[in-house]
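J.: The structure's right below; bear with me while I get my questions together.
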Amino acid sequence: MSDFDQVVFGKKKFSDLLKEVYDRSSNKEKQITDMIEQLRELIQNTGDAVMMVPLIASYMDLNLKNDDVLIKMLAIVQKAMVRGKETGDYLLPDSEKEELLKLAQESVAEKKVLTNQNIPSA
């Protein structure tokens, strides 16, 4: 069995997680393109554009940060897989548990900030 076929949790294999990250990234790219096309139709003047651009930038930034968090989490899982293969111990050390918790907390905090931003009214 290759490392990519190793079950990480439940029935999820490492390769499944990698595919999910790829699929999410591809779907987000399409969503962002569609959203920009829809917003382009709403922009009638420079004032409209000034209001819309920060919204698009915030949405894109949030998606990039979400992808970054997933990639960091996969890196931690991969380290655990390598360590487990070498030592038989698949448990995460406290430092990596703390890193995962920090990543999760940062992600939640960033989503709250972006969600609570005042959206300019037309």
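J.: So in the stretch 1-18, with the set limited to residues that are under 21 Å from the mean Cα position of the chain (by Cα) and assigned to a helix (DSSP H, G or I), which one is modelled with the lowest pLDDT?
T.: F4
J.: Among the candidates K72, K30, single out the residue that is surrounded by 12 or more Cβ atoms within 10 Å (Cβ to Cβ), part of a helix (DSSP H, G or I) and either within 21 Å of the chain's Cα centre (by Cα) or acidic (D, E) (or both). Steps first, answer last, please.
T.: Details: K30 fails: surrounded by 12 or more Cβ atoms within 10 Å (Cβ to Cβ).
Only one candidate passes the filter, namely K72.
J.: Within the stretch 38-63, work out how many residues are in a helix (DSSP H, G or I) and either in contact with an Asp or Glu (Cβ under 9 Å, 6 or more places away or on another chain) or surrounded by 12 or more Cβ atoms within 10 Å (Cβ to Cβ) (or both). First the steps, then the outcome.
T.: At the first step, the residues of the stretch 38-63 found to be in a helix (DSSP H, G or I) are 38-42, 46-63.
Adding the requirement that they be either in contact with an Asp or Glu (Cβ under 9 Å, 6 or more places away or on another chain) or surrounded by 12 or more Cβ atoms within 10 Å (Cβ to Cβ) (or both) leaves 39, 42, 48-49, 51-56, 58-63.
Total satisfying the criteria: 16.
J.: Moving on. From the set of residues in the stretch 81-109 that are among the polar types (S, T, N, Q) and surrounded by 10 or more Cβ atoms within 10 Å (Cβ to Cβ), which is modelled with the lowest pLDDT?
T.: Step one: filter the stretch 81-109 for residues among the polar types (S, T, N, Q), giving 87, 95, 105, 107.
Those still in the list that are surrounded by 10 or more Cβ atoms within 10 Å (Cβ to Cβ) too: 105, 107.
Details: Q105: 79, S107: 72.
Filtering first and then ranking leaves S107.
J.: Are there any pairs, at least 6 apart or on different chains, whose C-beta atoms fall under 9 Å, with the first in the stretch 81-106 and farther than 22 Å from S15 by Cβ and free of Cβ contacts under 8 Å to residues at least 12 places away in the same chain and the second of a type in the set (S, T, N, Q) and assigned to a helix (DSSP H, G or I), and if so, which?
T.: Correct list of pairs: empty, since none qualify.
J.: Could you please let me know if L64 is within 17 Å of the chain's Cα centre (by Cα) and in contact (Cβ under 8 Å) with a residue 12 or more places away in the chain? If you could, list the steps in order and put the result at the bottom.
T.: Numbers: within 17 Å of the chain's Cα centre (by Cα): yes; in contact (Cβ under 8 Å) with a residue 12 or more places away in the chain: no.
Taking the combined requirement at face value, the residue does not satisfy it.
J.: For the stretch 21-61, name all the residues that are within 23 Å of M73 (Cα to Cα) and of a type in the set (V, I, T). Give the derivation first.
T.: Just the residues of the stretch 21-61 that are within 23 Å of M73 (Cα to Cα), to begin with: 21-29, 58-61.
Across the stretch 21-61, the qualifying residue is only V21.
J.: Now for a separate question. Do we have G84 as more than 18 Å from the chain's Cα centre (by Cα) and at positive phi here? Lay out the reasoning, then the answer.
T.: Values: more than 18 Å from the chain's Cα centre (by Cα): yes; at positive phi: no.
Here the answer is no, as G84 does not meet what is asked.
The values are calculated or read from the model by the stated rules, or taken from the named source; none is laboratory data. Not measured: the values here are computed from a predicted model. Neighbour counts run over all protein chains shown; Cβ positions are idealised from the backbone, glycine included.
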